[in-house]
Structures are given as structure tokens and as C-alpha cells.
Amino acid sequence: MRIGIITGASSGMGREFVKRAVLDSPPCDELWLIARRKERLAVFPNLYKKQKFRLLSLDLSREEDLKVLAEKIDSLDKKDHVALFVHSAGFGLVGDIRDMSPEKQGEMVDLNCRSVAELTAMVLPHMEEGAGGRMIYMASAAAFLPQPGFALYAASKAFALSYVRSLRAENRGRGLRITAVCPGSVKTEFLDKALEGRSLPFYKKMVMADPVKVVAKAWKDNEKNRELSVYGIPIKATRLAAGIIPHAVFLRLMGSGKKKGPDR
Ligand SMILES: NC(=O)c1ccc[n+]([C@@H]2O[C@H](COP(=O)([O-])OP(=O)(O)OC[C@H]3O[C@@H](n4cnc5c(N)ncnc54)[C@H](OP(=O)(O)O)[C@@H]3O)[C@@H](O)[C@H]2O)c1
């Protein structure tokens, strides 16, 4: 049996990845959809009656819930393979480090970093080798630069990007396709949660991307086994600039996130 596992499937880009996976050819025999809000996941079996789903209401920032998932993956039959793994669950919060509670910071690291590592370790031995088993990770353009006012989120995505790049290198020759997706601002629930009532700077609103398009590009880039998927010219330019201009210059220009807001 070929299995697809998609985290963050209840919303935004994760939801778009589910739609892509259902329409993929050949389709996965079973799609495991993971998020905390099960009622949001429950729409998929009604929407796609021919696709088999397993809905898992799990909080991936909690050790107990990671264990539940590890047990389910461990109990896979030897004939079963993970053909698709998409890790889209993640969150960010705008604000200076000193203003954010230690608990919230820990939760962000647990979800954006720890779950990346633990889930990868769980699925990697079961990945479909040779036939191009697919692994897609939502990092962010925030991974390209440190960001005052969005520091922990940017650092967590830098972790994800670095981790995925090494994962690719370590698994070269196994016939896997592994991609880190690094968009700028995308129109999903993410921004409302991250901004907590603050407004997004106008230049970020101007480059706001459509989640359908970001995921369509990510899907294609992963099909071609590209290391990175970067949507849109402004974000490609940001990546280029971040590779050339010393980060100290950006840090001076950016100042505090309270005044200027984040750069996703
Ligand atoms: N939108 C942007 O501007 C943007 C830009 C660059 C990168 N990204 C990254 O892209 C990914 C997807 O974000 P999105 O824009 O699609 O945001 P979104 O609409 O807020 O979706 C986030 C998903 O993560 C799930 N999630 C959050 N906390 C979780 C937890 N503790 N355990 C399990 N699942 C959890 C949410 O489901 P439940 O709440 O139901 O658990 C939801 O399905 C994230 O990793 C984000 O950092 C977003």
C-alpha cells in the first residue's frame, strides 16, 4: 500500500497539498491527514469519496501526540510505503523576543523544529525508494535572513531549511525527491494568527501570494526534485540579496518588528 502523510491539512497550504495529492497519478492508496481541528479534516472524505483517508487529530507540538503517530507509522506493514510526506504544520508570532512568553517560544520550536526532525526520523525508513518517494517541507522566505520582531519564527524556518538541505544530501541516490518550500507572505490563516491584530506593511500586502499558486509550484518543483521552491520574483530577489548583502545591513534596516512588521 502507498501512503501519503500530510500535516497542517486543516488549513491554508496543507489543505491545498491534500487536493494535489488526491488528484495525483498514481494516487496514494491512503492519505493520512494531520492537524488538531478534526472537524476541518472531516470535509475531505465527503469531498473525495473514492480516496481513502485516515484523519488524525494530533497536536504535533506535544510529545504524547508525536508518540501516537510514531506508533502508527511503526505498525505499518513491510509492504506499505510512504510515497508522499508533506510537513506543512507550523505557526509564527510577531513580536520582540522579550515580549513573548517562554511557553509560546517553546511551542513554536516544538512544532516548527522538533516535529520536523521527529517526523522525518519516523517516516524516512518507510519512504518509497527508487520510485521517487516525495518529501515536501514548508520552510519560508524568513529562513533567508534573521528578522528582528519575528526572530524565533525566522530562526525556526532557517532550521527547517538547513535540515532539509542536509537530508537531501544524505539521501542522494535513494531515489527520493526532497524539497524545502520558501514562500514570502501567503494569504492564509497564518498571517491573522501571527499578526495578532497588527497590520501587515503595505509592501508585503503587495507581494501577497495565493496559496493555490504557491502549492502548485511547490508540487511541480518537488516532482522535478528541486531542492528549493521559491514562489514569485520579489521573493527570488530577496533570496538573492540575502546571499550577497551582509545580514548586518539588513538587520540595521529592519530594526524592531513592532515598528516594521515581519518579512515572511
Ligand atoms: N502564510 C504564510 O505567509 C507563510 C509563509 C511562509 C511559510 N509559511 C509556512 O507554511 C506552513 C503552512 O502555513 P499556512 O500559511 O498554510 O498556515 P495555516 O493556514 O495557519 O495552516 C497551518 C496548519 O498547521 C496546523 N497546525 C498548527 N499548529 C499545529 C499543531 N500544534 N499540531 C498540529 N498541527 C498544527 C494547523 O491546523 P490546526 O490548527 O487544525 O492544528 C493548520 O492546518 C507553515 O509551516 C508556515 O510556517 C506560511
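The values are calculated or read from the model by the stated rules, or taken from the named source; none is laboratory data. Because the structure is predicted, anything quoted here is derived from the model rather than measured. When we count neighbours, we look across all protein chains shown, and the Cβ atoms used for this are built from the backbone with ideal geometry, even at glycine.
Residues of region 17-25 include none that is within 12 Å of the ligand (Cβ to nearest atom), loosely packed, with under 15 Cβ neighbours inside 10 Å and at pLDDT 95 or above.
Counting the residues of region 196-225 that are surrounded by fewer than 17 Cβ atoms within 10 Å (Cβ to Cβ), closer than 15 Å to ILE136 by Cβ and within 13 Å of the ligand (Cβ to nearest atom) gives 0. Where helices (runs of 4 or more DSSP H) fall entirely within region 129-222, those with at least 2 residues that are at pLDDT below 95 and touching a Gly at 6+ places or on another chain (Cβ under 8 Å) are at 189-195. When the criteria are applied in full, LEU228 meets the requirement of being modelled with pLDDT of 90 or more, surrounded by 14 or more Cβ atoms within 10 Å (Cβ to Cβ) and more than 20 Å from PRO148 (Cα to Cα). The residue of region 53-99 that is farthest from the ligand (Cβ to nearest atom), among those that are acidic (Asp, Glu) and in a loop (DSSP other than H, G, I, E, B), is ASP77.
Restricting attention to region 54-110, the residues that are polar (S, T, N, Q) and farther than 19 Å from LYS193 by Cβ add up to 1.
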